[in-house]
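J.: Just dropping this structure here.
The values are calculated or read from the model by the stated rules, or taken from the named source; none is laboratory data. Predicted model only: the values in this text are computed from it and were never measured. Virtual Cβ from ideal backbone geometry, glycine too; neighbours counted across all protein chains shown.
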Amino acid sequence: MAKIQMKTPLVEMDGDEMTRILWKIIKDELIIPYVDLKTEYYDLGLKHRNDTNDQVTIDSAEATKKYGVAVKCATITPNAARMDEYDLKEMWKSPNGTIRAALDGTVFRAPIQVKGIEPCVKNWKAPITLARHAYGDVYKNAEIKVPGKGKAELVFTAEDGTEIREVIHEFDGPGIIQGIHNTDKSISSFARACFNYALDIKQDLWFATKDTISKKYDHNFKDIFQNIYDSEYKDKFEAAGIEYFYTLIDDAVARVMKADGGFIWACKNYDGDVMSDMVSSACGSLAMMTSVLVSPSGVYEYEAAHGTVQRHYYKHLKGEETSTNSVATIFAWTGALKKRGELDSIPELVEFAEKLEKATLSTIESGKMTGDLARITDIENVEVLNSENFIKAVRATYDQM
């Protein structure tokens, strides 16, 4: 059978450790036999990032802006131990953070649900997608450890020298202070990315903060979302038959626990970080979580939500067998191929990606899976496959469909 032809390349961002090993097997077994794969390749492995002073990460983000769709392997964000292990010139920033900043993107994460791996919340019938604002808050904070008595103030100095001051607290002993910020520009980009993604996948959008307590900071998020919705998206949402609404974060948590799923839940940066882990763990495994970075201009970057699986990689280097779950990495590829097919009007590419996703889930439902899923499944008499054999089993399922 002739391979499916592509018109425009994907931006391919290779990564680190065990996920890099899986990346190659997935391409060789599941993509290249069926698709005349066109990619613009960037090696975001830590060694090459170090060799290029991390310029390769910046270049990959610029290429993503150019081509519109990227697929990314998991990468290492170095700590002190990695500095020594890789003999790094400096402790390079998170590639994900660099790419998010360059694309002004919002992260959407959703669990991959499969029969036999049931969510802890039994009424979740469809995946809940977490939309996480990827700028500011505690991730760009300033902190002071207060040594003793004194007055803490919040001070803003305008360009013309005028000041706005607010007393934070009169300390009568040691304590701590934290300052956080955000920008209207970033919040507006977050809002538009959420509205566009909801229209793209035709699902309701919830947004939640704590504006009753944070009457300026959180309320600003609420107001910006509402103003943009009313002026730019209300008619589009009504035409699509979907809903946008705002609620308090504590009310959202309560509603989520009783909901059926199948909606997007938008959160500020920290809330989204925490709640996405809650949703993914409640659905079984971080290795069963998709992640897509969407810019307000409609650029997409797909990846798995998990890390590089360091422990399995060290076993692999010793020649020991691993049983590493590759499902989220497979779905990163299928998500990117589907979007490329949609943008380039190649229905065969979309159909291929959808069929490959079904084959992946059918393989698990037939009782063939990696060790992490075997420990939590209610399927009986499962066959635990090693890393490579699971991917080959998916290919066998695909060929039989």
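J.: Could you identify the single residue in Lys89, Lys72, Lys93 that is buried (at least 24 other Cβ atoms within 10 Å of the Cβ), among the charged types (D, E, K, R) and in the same structural domain as Trp23 (by TED's automatic domain parsing)?
T.: Lys72
J.: Also: So is Lys355 assigned by TED's automatic domain parsing to the domain that holds Val394, in contact with a Phe, Trp or Tyr (Cβ under 8 Å, 6 or more places away or on another chain), farther than 17 Å from Ile31 by Cα and among the basic types (Lys, Arg) or not? Break it down stepwise before answering.
T.: On the way: assigned by TED's automatic domain parsing to the domain that holds Val394: yes; in contact with a Phe, Trp or Tyr (Cβ under 8 Å, 6 or more places away or on another chain): yes; farther than 17 Å from Ile31 by Cα: no; among the basic types (Lys, Arg): yes.
Spelling it out, it is not the case that Lys355 is assigned by TED's automatic domain parsing to the domain that holds Val394, in contact with a Phe, Trp or Tyr (Cβ under 8 Å, 6 or more places away or on another chain), farther than 17 Å from Ile31 by Cα and among the basic types (Lys, Arg).
J.: Within region 312-332, how many residues are surrounded by fewer than 14 Cβ atoms within 10 Å (Cβ to Cβ) and in contact (Cβ under 8 Å) with a residue 60 or more places away in the chain?
T.: Total satisfying the criteria: 1.
J.: Same structure again: Could you list, in sequence order, the residues of region 103-125 that are outside any strand (DSSP E or B) and surrounded by 14 or more Cβ atoms within 10 Å (Cβ to Cβ)? Can you show your working first?
T.: Our first condition is that a residue be outside any strand (DSSP E or B); within region 103-125, this holds for 103-105, 112-113, 115-116, 118-125.
Of everything in region 103-125, those that are outside any strand (DSSP E or B) and surrounded by 14 or more Cβ atoms within 10 Å (Cβ to Cβ) turn out to be Leu103, Asp104, Gly105, Ile112, Gln113, Gly116, Glu118, Pro119, Val121, Trp124.
J.: Please enumerate the residues belonging to region 74-102 that are of a type in the set (A, V, I, L, M, F, W, C), assigned to a loop (DSSP other than H, G, I, E, B) and out of contact with any Leu (no Cβ under 7 Å at 6 or more places or on another chain).
T.: In the first step, residues of region 74-102 are kept if they are of a type in the set (A, V, I, L, M, F, W, C); the result is 74, 76, 80-81, 83, 88, 91-92, 99, 101-102.
If we keep only those that are assigned to a loop (DSSP other than H, G, I, E, B) too, we end up with 74, 76, 88, 91-92.
Scanning region 74-102 gives Ala74, Leu88, Met91, Trp92.
J.: Looking only at residues in region 348-391 that are of a type in the set (D, E, K, R) and at pLDDT below 95, which one is farthest from Ser280 (Cα to Cα)?
T.: Step by step, filter region 348-391, then rank; the result is Glu380.
J.: Among the residues of region 363-401 satisfying the criterion of being surrounded by fewer than 21 Cβ atoms within 10 Å (Cβ to Cβ) and within 24 Å of the chain's Cα centre (by Cα), which is farthest from Tyr34 (Cα to Cα)?
T.: Restricting to residues being surrounded by fewer than 21 Cβ atoms within 10 Å (Cβ to Cβ) and within 24 Å of the chain's Cα centre (by Cα), the top hit is Ile376.
J.: Only one residue in Leu154, Leu130 is closer than 30 Å to Leu293 by Cβ and under 35 Å from the mean Cα position of the chain (by Cα), so which one is that? Break it down stepwise before answering.
T.: Working: Leu154 fails: closer than 30 Å to Leu293 by Cβ.
Being closer than 30 Å to Leu293 by Cβ and under 35 Å from the mean Cα position of the chain (by Cα) holds for just one of Leu154, Leu130, which is Leu130.
J.: Kindly list the number of the only condition in (1) modelled with pLDDT under 95; (2) surrounded by fewer than 19 Cβ atoms within 10 Å (Cβ to Cβ); (3) assigned to a loop (DSSP other than H, G, I, E, B) that fails for Asn53.
T.: Condition not satisfied by Asn53: (1).
J.: Could you tell me how many of the residues in region 146-178 are part of a strand (DSSP E or B) and not β-branched (Val, Ile, Thr)? Reasoning before the result, please.
T.: Filtering region 146-178 for residues part of a strand (DSSP E or B) gives 146, 150-157, 163-171, 175-178.
The next check asks that each one be not β-branched (Val, Ile, Thr); those that pass are 150-154, 156, 163, 165-166, 169-171, 175, 178.
The total comes to 14.
J.: Please name all residue pairs, on different chains or six or more residues apart, with Cβ atoms under 8 Å, provided the first residue is in region 363-392 and is on the phi > 0 side of the Ramachandran plot and the second residue is among the polar types (S, T, N, Q) and in a helix (DSSP H, G or I).
T.: none
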